[in-house]
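Inspection log for the structure reproduced underneath, given as structure tokens.
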Amino acid sequence: MDSTYNIIIADDHPLFRNALFQSVHMAVSGANLLEADSLEALLSVLAKEEEPDLLLLDLKMPGANGMSGLIHLRAEYPDLPIVVVSASEESSVVTQVKSHGAFGFIPKSSDMRELVSALNQVLNGEPFFPEGSITNNAACNDLAEKISTLTPQQYKVLGMLSDGLLNKQIAYELNVSEATIKAHMTAIFRKLGVKNRTQAVILLQQLESEA
């Protein structure tokens, strides 16, 4: 198999990142592997890496906010194949991952042989999802579409909002004025179809609970 693949492993658990490294090397000899332990680190890697061939994404690493992290990445990088690697293996989670645009889903409980097989299938251009019911959830899909309209900065603000930060704290973290944050809030509320920060956080938590 081609040895020039650029593959990003995004997971906040060092032991599991290491296991994925080994699996990828078994599936693809000589692949160029990059790693990230948070959504912020991942976005930094993606900004520098011209055309990664594959992203292996953990839904629950810092900043990812469950499904909304996947939705945001899908909107920002529509051509990047994203395979979710998760310990949440319920069919409802697999369904959500697929409906939000992931190219595959690999359970963290997979053994090395299964991981290698799944990676080979994905790198050959075939989506990989474990056996299981893939059902449709219209309400969640509608919410996903709204989240995907947020700009990267608006998404970052929404994540900080969900973490309970005040406007002043968010402005400090992002090195912008409070007026800028208020403008972002107005745009976020309009795009999500909500009236205040509490409703926005509840919507985000609905997506997090799916992961």
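The values are calculated or read from the model by the stated rules, or taken from the named source; none is laboratory data. Everything numeric in this text was worked out from a predicted model, so none of it was measured. Using ideal geometry, Cβ is built from the backbone for each residue, glycine included, and neighbour counts are taken over all protein chains shown. Heavy atoms of the whole protein, side chains included, go into the accessibility calculation; ligands, DNA and RNA do not. Shrake-Rupley method; radii C 1.70, N 1.55, O 1.52, S 1.80 Å.
One table, with the values for the structure above:
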quantity: All positions within the stretch 23-40 that are within 20 Å of the chain's Cα centre (by Cα) and either open to solvent by 40 Å² or more (accessible area, probe 1.4 Å) or of a type in the set (Ser, Thr, Tyr) (or both); calculated: Leu34, Glu35, Asp37, Ser38, Glu40
quantity: Output for the stretch 101-114, where each listed residue is in contact with a strand residue (DSSP E or B) (Cβ under 9 Å, 6 or more places away or on another chain) and either under 14 Å from Leu57 (Cα atoms) or charged (D, E, K, R) (or both); calculated: Gly101, Ala102, Phe103, Gly104, Phe105, Ile106, Pro107, Lys108, Glu114
quantity: Residue satisfying condition, being open to solvent by 40 Å² or more (accessible area, probe 1.4 Å), among the hydrophobic types (A, V, I, L, M, F, W, C) and in contact (Cβ under 8 Å) with a residue 40 or more places away in the chain, within set Leu15, Leu20, Leu43; calculated: Leu43
quantity: Test result for Leu57, among the aliphatic types (A, V, I, L, M) and without any contact (Cβ under 8 Å) to a residue 40 or more places away in the chain; calculated: no
quantity: Residues satisfying the stated conditions in the stretch 156-173, i.e. open to solvent by less than 50 Å² (accessible area, probe 1.4 Å) and under 26 Å from Thr95 (Cα atoms); calculated: Leu158, Gly159, Ser162
quantity: Counted residues, the stretch 12-67 - those being among the β-branched types (Val, Ile, Thr) and not in a loop (DSSP other than H, G, I, E, B); calculated: 2
quantity: Matching residues in the stretch 82-127 - criterion: being under 28 Å from Leu150 (Cα atoms), open to solvent by 40 Å² or more (accessible area, probe 1.4 Å) and of a type outside the set (D, E, K, R); calculated: Ala87, Ser91, Ser92, Ser99, Phe103, Pro127
quantity: Counted residues, the stretch 161-193 - those being hydroxyl-bearing (Ser, Thr, Tyr) and assigned to a loop (DSSP other than H, G, I, E, B); calculated: 1
quantity: Flag for Val176 being surrounded by fewer than 16 Cβ atoms within 10 Å (Cβ to Cβ), over 22 Å from the mean Cα position of the chain (by Cα) and at pLDDT 85 or above; calculated: yes
